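The values are calculated or read from the model by the stated rules, or taken from the named source; none is laboratory data. Predicted model, so just to flag it, every value in this text is computed and none were measured. Cβ placement follows ideal geometry from the backbone for every residue including glycine, while neighbour counts extend to all protein chains displayed. We work out accessible area using only protein heavy atoms, side chains counted, and drop any ligands, DNA or RNA first. Shrake-Rupley method; radii C 1.70, N 1.55, O 1.52, S 1.80 Å.
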Amino acid sequence: MKDKINVINDNLNDIIALIIEERLKQAVEELAAIVPVQKEFYSIDEASHILSISVYGLKSREKSKKIKLIRDQNNIIVHYKELDRYKKLLLK
């Protein structure tokens, strides 16, 4: 009797593992299909995060004319084309 219970338990564990594996695959596929929304302008904090440099580093690159920042009222923003251009410059 214990052998039958163990066999049934093992079969149930295998079925549950397969169901979980299939659901995880579906979740990964759904997440891979999500494309982040591209904004036209990024704040200086977002731009520094995207480029993996500090805000200070981004400002100093503006002073050396490597990237163009836009000062808009109390905000400093970066156009997405400028961000892409600088990313390509970094990858060289």
Seminar exercise, completed: Among the residues of segment 66-92, the number that are hydroxyl-bearing (Ser, Thr, Tyr) and open to solvent by less than 40 Å² (accessible area, probe 1.4 Å) is 1
For this session: Report, by residue number, each residue of segment 32-65 that is more than 21 Å from the chain's Cα centre (by Cα), surrounded by fewer than 13 Cβ atoms within 10 Å (Cβ to Cβ) and closer than 16 Å to Lys88 by Cα.
Result: Lys65
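With the chain as the region, which helices (runs of 4 or more DSSP H) entirely inside it contain at least 2 residues that are in contact with a helix residue (DSSP H, G or I) (Cβ under 6 Å, 6 or more places away or on another chain)? Please lay out each step first, then the result.
Values: elements: 2-33, 44-51, 55-63, 80-91.
Helices (runs of 4 or more DSSP H) meeting the threshold: 44-51, 55-63.
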